[in-house]
1. Just checking, which of E223, E204, E231 is assigned to a helix (DSSP H, G or I) and either over 32 Å from the mean Cα position of the chain (by Cα) or at pLDDT 95 or above (or both)?
2. Which residue is surrounded by the fewest Cβ atoms within 10 Å (Cβ to Cβ), if the candidates are limited to the stretch 90-109 and must be of a type in the set (A, V, I, L, M) and in a loop (DSSP other than H, G, I, E, B)?
3. Considering only residues of the stretch 110-138 that are under 20 Å from Q152 (Cα atoms) and in contact with a helix residue (DSSP H, G or I) (Cβ under 6 Å, 6 or more places away or on another chain), which is surrounded by the fewest Cβ atoms within 10 Å (Cβ to Cβ)?
4. Do we have P188 as more than 24 Å from R78 (Cα to Cα), in contact with a helix residue (DSSP H, G or I) (Cβ under 8 Å, 6 or more places away or on another chain) and touching a residue at least 40 places away in the same chain (Cβ under 8 Å) here?
5. Within the stretch 264-274, count every residue that is in a helix (DSSP H, G or I) and surrounded by 10 or more Cβ atoms within 10 Å (Cβ to Cβ).
6. Would you call R61 under 17 Å from the mean Cα position of the chain (by Cα) and either of a type in the set (K, R) or over 24 Å from F121 (Cα atoms) (or both)?
7. Please go through the stretch 118-154 and give me each residue that is in contact (Cβ under 8 Å) with a residue 60 or more places away in the chain, of a type in the set (A, V, I, L, M, F, W, C) and closer than 26 Å to L37 by Cβ, ordered by number.
8. Sort out which residues of the stretch 248-294 are within 20 Å of H233 (Cα to Cα) and touching a residue at least 24 places away in the same chain (Cβ under 8 Å), and write them in order of number.
Amino acid sequence: MAAVINVMYSSSGIGQIIFDEAPLEFTAACTGGGFRLTIPANLRMFPAANPESIPMVSNLRGSIHAIGVGGERFELGRIRDDSHYNGMLSEYSPALNLTWYGPLAALAACERVRDGKDPRFYVEVNGELCFLIPALTGNNLIRSAPSPMPGQTTIKYPAATWVRMLRKLGVAENVLVEVPLPTSPPAPWDEVWRALVEARDAFEHGGSTGWKATVSSVRLALEKWQSIEPEDHGPGWKAPDVADRRTRTTRQRLDNLRWHLLQCAHQGPHTAAESWSRDDALLMFASLSALLAARNP
């Protein structure tokens, strides 16, 4: 399977950019705070019609977008290939070095949009097409004026191959906390989000003072939430009195969280798959990971 962008000059076909939709693996590596991933693709150059006018493709640049379940697009980053590719008298099909550079947050966004399905991408590519022609003197070739070479296509990759790449990068096991920050939350929820932003800022600052401020802001956010929407604990639940709450240790409070997380997950084996969403799974998985990190057995 392949997705194709035709390379045209005037009304004539010069070649094709062919994206492999069934690669055995992706070539990817982590960078400082991000990643680079080579998009599996070849440039198929048709035989040159005139040996004194050889086509050359260069300066490939573009963007890559995740495609949501409803067809909506979300830009993830930029792609580029700094190499140049010359045609020949016979058909020529070199592998491109078309590379996607981006932050790890782009992969997190892609995973959110993918929602467990095969990843789909909309790719826009722009390049320059020119011709190598003999110079008036000597045996050198010179470039003609470049022509723009726009194109776009949709690519779909197997989920299994994509997940193997994430594991190879070492990011599949890292749960990036997806902080929901709407631009203008409605009142009175704006106070909850204001405290959430304060918690995020304190966490980014770090250090013992930052950690303490994070916890304090989380408490404030939960108190604001509670004033808007009191908890519904269901039948049979009884709140402990103030004296009991004050005597609980940190370990006991974490055990309470663990017990309630187990109750949240209890219905998993007993309900239909359609009853659960990615947000549910992320909440359970991130909470369990955080509790184990705090326990540090």
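The values are calculated or read from the model by the stated rules, or taken from the named source; none is laboratory data. Worth saying up front: this structure is predicted, and the values here are computed from it rather than measured. Because the Cβ atoms are built from the backbone with ideal geometry, glycine has one as well, and the counts that use them run over all protein chains shown.
1. Details: E204 fails: either over 32 Å from the mean Cα position of the chain (by Cα) or at pLDDT 95 or above (or both); E231 fails: assigned to a helix (DSSP H, G or I).
None of the other options fit; the residue is E223.
2. We begin by selecting, within the stretch 90-109, every residue of a type in the set (A, V, I, L, M); these are 95-96, 98, 104-109.
From what is left, the residues that are in a loop (DSSP other than H, G, I, E, B) are 96, 98.
On the way: L96: 20, L98: 24.
The residue in question is L96.
3. That would be D118.
4. Numbers: more than 24 Å from R78 (Cα to Cα): yes; in contact with a helix residue (DSSP H, G or I) (Cβ under 8 Å, 6 or more places away or on another chain): yes; touching a residue at least 40 places away in the same chain (Cβ under 8 Å): yes.
Against the criterion (more than 24 Å from R78 (Cα to Cα), in contact with a helix residue (DSSP H, G or I) (Cβ under 8 Å, 6 or more places away or on another chain) and touching a residue at least 40 places away in the same chain (Cβ under 8 Å)), P188 qualifies.
5. Step one: of the stretch 264-274, the residues in a helix (DSSP H, G or I) are 264-265, 268-270, 273-274.
Next, from what is left, pick out any that are surrounded by 10 or more Cβ atoms within 10 Å (Cβ to Cβ): 264-265, 268.
Here the count works out to 3.
6. On the way: under 17 Å from the mean Cα position of the chain (by Cα): no; either of a type in the set (K, R) or over 24 Å from F121 (Cα atoms) (or both): yes.
Criteria not met by R61.
7. V123, V125, L129, M149
8. L254, L257, R258, L261, S287
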